[in-house]
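Read through the structure below, which is laid out as structure tokens, and then see the notes.
The values are calculated or read from the model by the stated rules, or taken from the named source; none is laboratory data. Fair warning: this is a prediction, and the values are worked out from it, not measured in the lab. So basically every Cβ, Gly included, is an ideal-geometry build from the backbone, and we count neighbours across all protein chains shown. Just the protein is used for accessible areas: all its heavy atoms, side chains included, with ligands, DNA and RNA removed. Shrake-Rupley method; radii C 1.70, N 1.55, O 1.52, S 1.80 Å.
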Amino acid sequence: MVIAIGIVLALVQAVSSPPVAAPQVKGTTPTACVAEVSDFTTTRRAAARAALPAVLTPEDSRGLVTVNQQISKDAAAMAATCAAKFNVAAVPETELPALAQLYTQAGLPDAANAAVLRAVGATSLGETERASALMQAISIGLTQPKSDARNATLESHVDALDRLSDAVLDVKYNAHSRMNGYYRFDDIDAGIVKHSSWLIEKTKSSPELRTKYGRIAISAYENMAEAWAGQGRNDEAIALLRRAPSELTGVPDVAASLESTLARYLLVGTPAAAITASRWLNGPDGSTAVDMKGHVTLLEFTAHWCGPCKESYPGIKRLLATYGSKGFRAVFATELYGYFGTERPLTPDAEFERDREYFKKEGLAVPIAVSDQVTPKTVNGRPVYTPDPNNAAYKVGGIPQIHLIDRQGRIRLIMIGYDDANEPQLAKLIEGLLKEK
């Protein structure tokens, strides 16, 4: 402990700039300033990591986070100092993308947006500069409040990028990947399918593209399979995953990378495992398991720290209010993590009580299995986790992971992620399952 703290203090002293002044900036153009800030950040972070042992202790990791936060503050101060030299209305159009990036690094989103708007409308930019401006517009737009109008604007920028030649293909891939990641996080299926389709079709079209962008394409196959499966198109999702190795010929480990995803969707139509735990909230008295037969069941894997999970709760409560008297129920499964919010470490009993308060506040009076915290084993100096038995049985890949299970106890749908648009679809599927004998 003393050694680790000493390393942290030494790191802070070694790589932090003096608090009275940001590092000096020599650049005379936005492009030069961006390069200078980037070089500063890369060099200082490399030095910080080199000062630590190869295998980090938890104290080392926390210390490195602290140091990197200080480096980011110094870099932002550098960017702000340099950005103050320029006027967005006066800089040459070719410097606008770099100026937008500089403003972004300085934490000046309004100024960055002004630079991007002027750049997108500029007439003298070459293709490379225009691509950079459009990518900046997408990056800045993704930090703005979410709305359908914002997303439509972002899509117009991507479409404009796609109209450029493949001389800026790296930028196109970056744009489609960023948008795909956003839509996957927010569980917006139309966006996932659009951008995953582009990434898949483009990448599989030539050996050179498969070599360069194969790993990105693998994620696209996974994202599109998850979107299709959540829509009830499970057979199409499975077929897509099975095609991936042959469509990405030459890309290493395609089948292995998608193996767990494929295994998850092969569960559809099979018997659902009972949910077991030594601790339950609102659970059956005297029992450690809930069988999945006898009801139409929505089973959700969740956690107290999971924002998208929390977004699903109001919709699930509405579904329960509508169909609960007709044979529909919800069951949740979660785990102990050793903390709650900023309270850490917590004993299992203390965290269990926090969970009780949390789910009560959310108005969820459904059975909730609370599995014990998974203790990792150390292999080659690194922690290796064995999945919780419930997670393993349902091949949980991300949460919320939602399942619809029929009265016979068969899994009929697996959905990862949640958006309010999912509620009508779930309602329709629940109605259909309730009508089955």
Give the residues of the stretch 349-371 that are of a type outside the set (F, W, Y) and either surrounded by 16 or more Cβ atoms within 10 Å (Cβ to Cβ) or touching a helix residue (DSSP H, G or I) at 6+ places or on another chain (Cβ under 7 Å) (or both), sorted by residue number.
E351, R354, D355, E362, G363, L364, V366, P367, I368, A369, V370, S371
Can you name every residue in the stretch 291-330 that is closer than 23 Å to D406 by Cβ, surrounded by fewer than 21 Cβ atoms within 10 Å (Cβ to Cβ) and either in contact with a Pro (Cβ under 6 Å, 6 or more places away or on another chain) or of a type in the set (G, A, S) (or both)?
G294, G315, A321, G324, S325, G327
The one condition G381 fails out of (1) in contact with a helix residue (DSSP H, G or I) (Cβ under 8 Å, 6 or more places away or on another chain); (2) more than 30 Å from I192 (Cα to Cα); (3) not basic (K, R) is (1)
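When you look at W280, is it open to solvent by 10 Å² or more (accessible area, probe 1.4 Å), part of a helix (DSSP H, G or I), under 25 Å from L319 (Cα atoms) and modelled with pLDDT of 95 or more, yes or no?
On the way: open to solvent by 10 Å² or more (accessible area, probe 1.4 Å): yes; part of a helix (DSSP H, G or I): no; under 25 Å from L319 (Cα atoms): yes; modelled with pLDDT of 95 or more: yes.
So W280 fails the test.
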Any residue at all in the stretch 120-131 that's under 27 Å from T31 (Cβ atoms), among the acidic types (D, E) and over 23 Å from the mean Cα position of the chain (by Cα)?
yes
Can you name the residue in the stretch 380-398 that is not hydrophobic (A, V, I, L, M, F, W, C) and not in a loop (DSSP other than H, G, I, E, B) and is also most open to solvent (accessible area, probe 1.4 Å) among such residues?
R382
With the structure loaded, tell me whether I416 is of a type in the set (A, V, I, L, M, F, W, C) and touching a Leu at 6+ places or on another chain (Cβ under 6 Å) or whether it fails that test.
no
Spot the failing condition for Q401; the list is (1) surrounded by fewer than 17 Cβ atoms within 10 Å (Cβ to Cβ); (2) of a type in the set (S, T, N, Q); (3) under 20 Å from S312 (Cα atoms), and only one is missed.
(1)
Exactly one condition in (1) part of a helix (DSSP H, G or I); (2) surrounded by 14 or more Cβ atoms within 10 Å (Cβ to Cβ) is not met by A333; state its number.
(1)
Quick test of your reading of the structure: I188 fulfils all but one of (1) closer than 15 Å to D162 by Cβ; (2) buried (at least 17 other Cβ atoms within 10 Å of the Cβ). Name the failing condition by number.
(1)
